[in-house]
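A short worksheet on the structure shown next.
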Amino acid sequence: MTKDKGILIRNIYYMLSYTFRVLKLSNYDEMASEKFEHIQDLFAAILAKGIARQLKQGLYKEYVSHYDNLSVLRGKLDIHGTIHHKLQRKQRLSCEYDELSENNVFNQILKTTSVILIQQPSLNVKRRKALKKVMLHFNRVDMIEPTCIKWNILQFQKNNQSYKMLINICYFVLDGLLLSTDKGKYKMATFLDDQQMSRLFEKFVLEYYRYHYPRLRAAASQIAWNIDAGAADFLPVMQTDIVLKSRNKVLIIDTKYYAHTMQVQNRYGSRTFHSNNLYQIFTYVKNQDIGNTGNVAGMLLYARTEETIVPDSDFIMSGNKISVKTLDLNTAFGDIAGQLDHIATSYFGDVEKKEA
């Protein structure tokens with residue numbers, strides 16, 4: 001299997017490489033030319049490379065609290081425990097102390113994800129061997145129950161910044177690919193779920209424009225409500241996916257990753273654009289274009305599906321251009337880049353592109 005729900009698996013690697021810039025490093029380059037039969041093969045290859053690179057730098061360590069009965073004082077003395085030993089005529093001190101340890105949640109996530117991948121029957125033998133090799137250095141690291149991982153409270157700082165991409169790959173595997181358990185073993189889906197692909201699709205498009213078109217100042221920014229009177233305290237936040245700006249022109253792009261790019265309008269099966277998406281992008285555009293200049297445009301950019309109807313429309317609504325387009329991810333990556341380049345040049349003209 002070389003596709004993940006209609007996307008070439010190699011293209012998922014390219015999307016990840018823009019989302020996590022560390023994948024642009026030379027020791028990952030060979031993956032761009034490799035063939036991956038399953039999505040877990042891709043993730044296993046990235047983890048094996050990334051963990052091997054991390055081992056050269058040293059595994060991240062954190063201070064972990066220990067409680068032990070020792071012959072000499074270490075750390076803080078536990079009075080109650082020590083008195084108990086004295087009553088039993090034991091020459092021991094109850095101590096509580098902190099010790100730098102690699103057995104922390106970050107390394108536990110890496111080990112758990114790697115072991116689960118190793119256990120998958122469909123995993124390529126080469127990937128399995130590579131993961132087993134790096135796992136030899138994790139003998140002092142415990143496994144962790146995937147459902148107990150609190151992803152939202154993980155904090156990255158200077159000493160563990162190099163883990164950020166690896167932990168995100170683990171999140172893709174543990175949160176999106178695990179289906180169920182059978183006799184204590186995890187089963188894995190062969191594709192990513194739509195929610196994860198939606199986030200990856202959005203981040204990829206944003207980072208592509210950030211890297212290749214720095215003059216367009218790509219950002220995921222908020223738009224303020226253009227209200228004439230009243231307080232905006234209870235109005236919802238307008239958070240865009242991508243905003244491109246050049247001089248006095250603005251293009252707001254809202255990415256969508258759906259199983260169906262069109263909605264069924266009635267019982268006769270007639271199809272239309274998703275109404276909520278159109279309302280959303282129109283609202284963004286009109287509130288951004290405070291002066292009604294017409295220099296703000298909006299685009300709904302769908303990941304192309306295998307449906308026969310492919311949205312490709314442009315409208316002028318109340319003086320602003322609104323477009324509905326698709327991006328074909330089931331093609332060579334050079335063609336994907338060409339599609340994104342065309343979006344930029346068709347609206348902003350001959351804008352300079354920074355090559356990789």
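The values are calculated or read from the model by the stated rules, or taken from the named source; none is laboratory data. These numbers come from a predicted model, not from an experiment. Note that we place each Cβ from the backbone using ideal geometry, even for glycine, and neighbour counts take in every protein chain shown. The accessibility values were calculated without ligands, DNA or RNA, using every heavy atom of the protein model including side chains. Shrake-Rupley method; radii C 1.70, N 1.55, O 1.52, S 1.80 Å.
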Exercise for review: Name, by its number, the condition in (1) over 25 Å from residue 328 (Cβ atoms); (2) surrounded by fewer than 17 Cβ atoms within 10 Å (Cβ to Cβ) that does not hold for residue 289.
Suggested key: (2)
Check your understanding: From the set of residues in region 6-30 that are at pLDDT below 80 and among the aliphatic types (A, V, I, L, M), which is nearest to residue 50 (Cα to Cα)?
Key -> 25
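Condition check ((1) closer than 30 Å to residue 206 by Cβ; (2) of a type outside the set (A, V, I, L, M); (3) out of contact with any Cys (no Cβ under 8 Å at 6 or more places or on another chain)) across all residues:
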site: 21; (1), (2), (3): yes, yes, yes
site: 48; (1), (2), (3): yes, no, yes
site: 58; (1), (2), (3): no, yes, yes
site: 83; (1), (2), (3): no, no, yes
site: 90; (1), (2), (3): no, yes, yes
site: 96; (1), (2), (3): no, yes, yes
Review point. For region 258-327, which fully contained strands (runs of 3 or more DSSP E) count at least 1 residues that are of a type in the set (D, E, K, R)?
Key: 313-317, 320-327
Practice item. Output the residue which, of all residues in region 136-164 that are within 24 Å of the chain's Cα centre (by Cα) and closer than 27 Å to residue 34 by Cα, is most open to solvent (accessible area, probe 1.4 Å). Key: 164
Review point. For the subset of region 214-226 comprising residues that are among the aliphatic types (A, V, I, L, M) and open to solvent by less than 70 Å² (accessible area, probe 1.4 Å), which member is nearest to the chain's Cα centre (by Cα)?
Key: 220
Check your understanding: From the set of residues in region 47-70 that are of a type outside the set (A, V, I, L, M) and under 21 Å from the mean Cα position of the chain (by Cα), which is farthest from residue 155 (Cα to Cα)?
Key -> 49
Exercise for review: Specify which of the listed residues (334, 338) is modelled with pLDDT under 95, assigned to a helix (DSSP H, G or I) and of a type outside the set (Lys, Arg).
Suggested key: 334
